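What follows is a short report on a single structure.
The values are calculated or read from the model by the stated rules, or taken from the named source; none is laboratory data. Values in this document were obtained by computation on a predicted structure and should not be read as measured data. Positions of Cβ are backbone-derived with ideal geometry, glycine not excepted, and every protein chain shown enters the neighbour counts.
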Amino acid sequence: MTATKTLSQIITRARRRTDMVTGAAGDWISDDEAKELANSCLAQLWGLLLRCRGHEHYIAQHDFQTASGTSDYTLPVDFLMARKVLASGDRGHWIPCRQWDFDSVDRLLSADRGGDAGNIRYRAQGAVLSLLPQPASVFDVRVYYYPRFVELEEDGDTFDGVNGWEEWAAIKMAEFLAIKDGSDPSSLIAERKELEAQIIAIATRRSTEPARIQDTRRDHVFRWGNEDTDFGGIRYDTG
């Protein structure tokens, strides 16, 4: 069950920590300024949680079909970065795609074989996902991605701190309020750093499954132009 907190609740928590809730103390910072500051702190928390295995917290999915002769496909408006891209090959098997880089773009653009689910590579460029070699057929593509942080505007808008970790943003906001008030924020900073260490320790490893060695070698060798390319190697997966 998700335990979310509203924008109003997060701001109130920050105000309480600096005794800026009601009266003249509450007027020390306007509601608009408080919302702007809260969103800034929540965006920083969002980035922290994405770095700590964000795919287990906020992963989103986008599916589309290719069109023959088309390389660029529009990404969702909330797209921040790709976590994994898959293409659906023969018999509905999903094949992981690698990201193309500019060292290989000339070869991919000159490939004597059009792009298909078995040899396609991707790269997020601005608002589009660019696939090379250029698709020569219609097939399904699935993009798992990290969405960007969307600012909370209304008092009732909610944020999912996963495990009550929105408190990090409330403390961070309280630090700014304390500084604005001329107070010493050192105790708040220490408390936030302690909570941050807990977030990293827990969020980075949500599974108790032991670490394992994972074989990442592909079962096929694909040909681009005159060059055979296989994807071999071993990845250490921390679970």
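Which of the residues spanning the stretch 73-100 are in a strand (DSSP E or B) and more than 21 Å from L50 (Cβ to Cβ)? Talk me through it step by step, then tell me what you get.
Here is the first cut: in the stretch 73-100, the residues in a strand (DSSP E or B) are 73-74, 79-88, 94-96, 98-99.
Listed by number, the residues that qualify are Y73, T74, A87, S88, W94, I95, R98.
If I filter the stretch 63-80 down to residues being surrounded by 14 or more Cβ atoms within 10 Å (Cβ to Cβ) and either outside the structural domain of L131 (by TED's automatic domain parsing) or of a type in the set (S, T, N, Q) (or both), which single residue comes out as farthest from L109 (Cα to Cα)?
Of everything passing the filter in the stretch 63-80, T66 is farthest from L109 (Cα to Cα).
Of these, A190, A174, which one is small (G, A, S) and out of contact with any helix residue (DSSP H, G or I) (no Cβ under 7 Å at 6 or more places or on another chain)? Reasoning before the result, please.
Values: A174 fails: out of contact with any helix residue (DSSP H, G or I) (no Cβ under 7 Å at 6 or more places or on another chain).
Residue meeting the stated conditions: A190.
If you go through the stretch 180-191 one residue at a time, do you hit one that is closer than 27 Å to R83 by Cβ, of a type in the set (A, V, I, L, M, F, W, C) and buried (at least 17 other Cβ atoms within 10 Å of the Cβ)?
Going through the stretch 180-191, the residues closer than 27 Å to R83 by Cβ turn out to be none.
Scanning the stretch 180-191 turns up no residue that is closer than 27 Å to R83 by Cβ, of a type in the set (A, V, I, L, M, F, W, C) and buried (at least 17 other Cβ atoms within 10 Å of the Cβ).
Kindly evaluate R113 against the criterion of being outside any helix (DSSP H, G or I), in the same structural domain as T70 (by TED's automatic domain parsing), surrounded by fewer than 15 Cβ atoms within 10 Å (Cβ to Cβ) and not polar (S, T, N, Q). Lay out the reasoning, then the answer.
Details: outside any helix (DSSP H, G or I): yes; in the same structural domain as T70 (by TED's automatic domain parsing): yes; surrounded by fewer than 15 Cβ atoms within 10 Å (Cβ to Cβ): yes; not polar (S, T, N, Q): yes.
Answer is yes for this residue.
Applying the selection to the stretch 45-72, what residues are part of a helix (DSSP H, G or I) and of a type in the set (D, E)?
Pass one, the stretch 45-72, residues part of a helix (DSSP H, G or I): 45-51, 54-56.
Selection gives E56 alone.
When you look at F149, is it assigned to a strand (DSSP E or B), more than 30 Å from G69 (Cα to Cα) and touching a residue at least 40 places away in the same chain (Cβ under 8 Å), yes or no? Give the steps one after another, and end with the answer.
Working: assigned to a strand (DSSP E or B): no; more than 30 Å from G69 (Cα to Cα): yes; touching a residue at least 40 places away in the same chain (Cβ under 8 Å): yes.
It is false that F149 is assigned to a strand (DSSP E or B), more than 30 Å from G69 (Cα to Cα) and touching a residue at least 40 places away in the same chain (Cβ under 8 Å).
Pairs under 6 Å by beta carbon, first residue closer than 14 Å to L80 by Cβ in the stretch 46-67, partner in a loop (DSSP other than H, G, I, E, B), six or more apart or different chains?
Qualifying pairs under 6 Å: W46/F149; L49/H57; H57/V162; H62/P76.
Of the conditions (1) touching a strand residue (DSSP E or B) at 6+ places or on another chain (Cβ under 6 Å); (2) among the hydroxyl-bearing types (S, T, Y); (3) outside any strand (DSSP E or B), S130 fails just one. Which one is it?
Unmet for S130, out of (1) touching a strand residue (DSSP E or B) at 6+ places or on another chain (Cβ under 6 Å); (2) among the hydroxyl-bearing types (S, T, Y); (3) outside any strand (DSSP E or B): (3).
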